[in-house]
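Asks: Starting off with a structure, shown below.
FYI, it's all coordinate maths here, none of it is from the lab. All figures in this text were calculated on a predicted structure; none of them were measured in a lab. We place every Cβ from the backbone using ideal geometry, glycine too, and count neighbours over all the protein chains shown.
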Amino acid sequence: MIQVTALNKVYTVPKRGEGLWGSIRSLFSREVEEVRAVADLSFSIQAGERVGFLGPNGAGKTTTLKMLAGLLVPSSGERVVAGFDPSKRDPAFLRRITLVMGQKQQLLWDLPPIETFALNRALFGLDEAEARRTQDELIELLELGPLLNRPVRNLSLGERMKCELAAALLHRPDVLFLDEPTIGLDVRAQGTVRRFIAEWNERSGATVLLTSHYMADIAALCPRVIVIAGGALRYDGPLKDLAERYGGGRKVVVRTRDEAPETLGPFTREDGALVARLPSAEVAAAVDFALRQVAVADLSIEEPPLEDVLSKLFAERS
Amino acid sequence: MFRAFPTLLRIGFAEAVAYRAELVIWVLTATAPLISMFIWDRVAEEGPLGGWGQGEMARYFLLTLIVRHLTSAWVVWELNENIRTGGLSPMLLRPMHPLVFFVAQNLSAMPLRAVILAPLIVGVLWWRPELVWTPEPWTLLLGLVSAVFAWAIAFAAQVIFGSLAFFSQQSLGLFNVYFGLWSLGSGYLFPLELAPDWLRQLLLWLPFRATLATPVELLAGLVAWEDALGLVAAQVVWAVVFVGLAAMTWNLGVRRHEAVGA
């Protein structure tokens, strides 16, 4: 559904000196520098997949999404989305994709959301009966009923995002680009948006490419993640392997009835407990070993927090 | 696209209603022709000026007020705002040209503008009943056609200056310069008929009169048949030039937007 090959994006940014002298100089000599936002990025996504697109601020995530949606032209490289070259913004292409940006909105500010829905039905030239059915389905799933007739400006951020999602999906696109759809939302609203995206993906079979800084979004929604930093690909694979490869393994903590020894097999003592960080494959053997060697009072096996895994990955490679 | 137009007009009207307070203020801030009317009325009190008495003065400025409001555009502010804040991005991802959307938005506010203007018109008619005239059918028809061209030129001019926001932070400043020149050269503040001959000749070669004075003079029945056709022909030429320039600036701007993003 999405095929990206050796994608590059270089921005030319004006360089300005500091202070008054810098401003005056920039009037006469325009110094520019090139910033590489995306570097040789390649990946492909199959129809119906839900993929998390991760990276630190300024990693090139939004730039990539905009290139895939057809808003930005790459400096070089190829991309094919739903069989189209996005640059042309062919109406047939626009009817098959949607881009939701958590920080930009398309809802008509002073009118109720129902009017934006009507506008989008008209703009996308949708079959009225079918579009009404989709609209009703979205209203039910997102529980929009009480919000439909209130001006958008009177809605909370979470309510607006739910309406934004509905407006963006009325034309039943095959590809959803979601750029931080949960940004700024409270925990409950985040949960609602998350559950909705999963449900919609199940129902419609649409492909989802999602960026988020909330790891709970990624953990709940994306079996596969693509990590970029400095515009380049750092990791592309299953989410569970990411923790395995970069998280330093799972953390096995054994609390003993008596005082724990300084070391025991793979374990060392930390804060009075025996702790070992191991690849998944070695966890069972280590637990078995500990159970036989010491009197165990409590035992826990923890996944490394995704945030830690990612900050380690970003720090290591950037 | 045509199927979507009725919905676009309906929603544009709903937006205009939502912004009604703002719209009333806009209409009231653009009542300079009324102020001009009172000033020129006093001047004409002494005796006809260039053949114009108080009735002709009132007729001219009332029509200026009406034509100005029913051919006005505000797309320069819409474009400026949406380009700077990134609001244009979602518009570019709809299968309809953003400018078609703005055209519909512009046209759909006209009925409400007319309603807001109505009491002002009634007031002027009550104050100077002698302004009432019986227009010839041909001047009325040509005047209406001319008003459509006036709107097209005004809209295209605003698209040109609005699209400059793709390149510069100063696009609204540049538009204000254009607006200043327009106020002086379009017949908005004084009838061009009363301008010195050299200025009148010069203005015949500039676009400003095509956006206001031409339809006003036609509707007021102040233009002879043979001059009328020349003035409307000039409007057609300016419309082609402005629409062409608007398309060019827009396309170059969008290409830049695609290169640097927003």
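Asks: Using square roots of five times the C-alpha gyration tensor eigenvalues, list the equivalent-ellipsoid semi-axes of segment B:12-142 in whole Å, biggest first.
Replies: Sorted largest first and rounded, they come to 37, 15, 14 Å.
Asks: For A:LEU72, list long-range residues whose amide hydrogen, built 1.01 Å from N in the peptide plane, is under 5 Å from its own amide hydrogen.
Replies: Close amide H contacts, sequence-distant or interchain: A:MET67.
Asks: Separate question: So how many Å³ per residue does the convex hull of the Cα atoms of chain B work out to?
Replies: Values: hull volume 35.3 nm³, N = 262.
Measuring per residue, one finds 135 Å³ for the Cα hull of chain B.
Asks: Bin by bin, in steps of 10 Å, what percent of the Cα pairs in segment A:1-68 do you find, going until the bin that has the longest distance?
Replies: The distribution over segment A:1-68 is 17, 36, 21, 16, 8, 2, given as percents.
Asks: Moving to a separate point now. Give me the log10 of I(q) over I(0) for segment A:247-307 at q = 0.16, 0.22, 0.24 Å⁻¹, as the Debye formula computes it from C-alpha points; what are the numbers?
Replies: So the normalised log intensities are -0.44, -0.81, -0.95.
Asks: Further question: Report the residue, chosen from B:TYR19, B:TYR178, B:TYR188, that carries the largest GNM mean-square fluctuation when chain B is represented by alpha-carbon nodes joined by springs under 10 Å.
Replies: Highest fluctuation of the listed residues: B:TYR19.
Asks: By per-residue mean of other Cβ atoms within 10 Å, what is the highest-first order of B:75-86, A:284-295? Provide the component values of the computation, followed by the final result.
Replies: Values: B:75-86: 19.2, A:284-295: 14.2.
Going from most to least packed, we get B:75-86, A:284-295.
Asks: Give the dimensionless ratio obtained when the Cα radius of gyration of the protein assembly as shown is divided by 2.2 N^0.38 Å. If you can, show how the numbers build up before the last one.
Replies: Numbers: Rg = 32.2 Å, N = 580, 2.2 N^0.38 = 24.7 Å.
Here the Cα radius of gyration is 1.30 times the empirical estimate.
Asks: Follow-up. Can you work out ³J(HN,Hα) from phi for every residue in segment B:169-182, in order, using Karplus 6.51 cos²θ - 1.76 cosθ + 1.60 and θ = phi - 60°, giving whole Hz and x for Gly and Pro?
Replies: 7, 9, 4, 5, x, 4, 5, 4, 4, 4, 5, x, 5, 4
Asks: Cα-Cα pairs above 19 Å in segment A:38-112: how many percent?
Replies: Within segment A:38-112, distances greater than 19 Å cover 43 percent of Cα pairs.
Asks: To test your reading of the geometry: what angle, between 0 and 90 degrees and rounded to tens, separates the Cα axis of helix B:225-260 from the longest principal axis of chain B?
Replies: 20
Asks: May I ask you to derive the FRET efficiency for A:GLU130 and B:MET91 from their Cβ-Cβ distance with R0 = 22 Å, giving the value to the nearest 0.05?
Replies: With R0 = 22 Å, the Cβ-Cβ based efficiency is 0.35.
Asks: Report the residue, chosen from A:SER156, A:SER44, A:SER76, that carries the largest GNM mean-square fluctuation when chain A is represented by alpha-carbon nodes joined by springs under 10 Å.
Replies: A:SER156
Asks: Next up: Which lysines, on any chain, are close to A:LYS162 with Cα under 22 Å apart, when same-chain ones fewer than 8 places away are left out?
Replies: Those lysines meeting the cut-off are A:LYS66, A:LYS104.
Asks: How far is helix A:113-123 tilted, in degrees, relative to the longest principal axis of the Cα atoms in chain A, given as a value from 0 to 90 rounded to the nearest 10?
Replies: Taking Cα atoms only, the helix is inclined about 60 degrees.
Asks: Can you give me the relative contact order of chain A as a percent, contacts being Cα pairs under 8 Å and 6 or more apart?
Replies: Normalised by residue count, the contact order of chain A is 19 percent.
Asks: Report, largest value first, the span of the C-alpha coordinates of segment A:166-280 along each principal axis, in whole Å.
Replies: Reported extents, whole Å, longest axis first: 64, 33, 25.
Asks: How many angstrom lie between the C-alpha centres of segment A:121-187 and segment B:77-150?
Replies: Segment A:121-187 and segment B:77-150 have Cα centres separated by 32 Å.
Asks: What order do you get for B:ILE153, B:ILE39, A:ILE197 when you list them from fewest to most C-beta neighbours inside 10 Å?
Replies: Neighbour counts put them in this order, fewest first: B:ILE39, A:ILE197, B:ILE153.
Asks: List the GluC sites (Glu not before Pro) in segment A:149-257 that DSSP assigns to loop (not H, G, I, E or B) and whose Cβ has at most 12 other Cβ atoms within 10 Å. Which are they? Walk me through the intermediate numbers first.
Replies: On the way: sites: A:GLU159, A:GLU164, A:GLU199, A:GLU202, A:GLU244; in loops: none.
Taking segment A:149-257 and a limit of 12 other Cβ atoms within 10 Å, no loop GluC sites (Glu not before Pro) are found.
Asks: Name the most mobile residue of B:ALA114, B:ALA239, B:ALA154, meaning the one with the largest mean-square fluctuation, in a Gaussian network model of chain B with Cα contacts below 10 Å.
Replies: In the Gaussian network model the winner is B:ALA114.
Asks: Evaluate peptide A:93-101: per residue, the Cβ atoms of other protein chains within 10 Å of its Cβ; return the mean as an integer.
Replies: Numbers: counts 2, 5, 2, 0, 1, 2, 4, 1, 3.
Going residue by residue through A:93-101 and averaging, the value is 2.
Asks: Now a separate question. Can you give the alpha-carbon Rg of chain A over 2.2 N^0.38 Å, where N counts its residues?
Replies: Here the Cα radius of gyration is 1.24 times the empirical estimate.
Asks: So what is the orientation-averaged projected area of segment B:185-262, using the convex hull of its C-alpha atoms, in nm²?
Replies: 6.8
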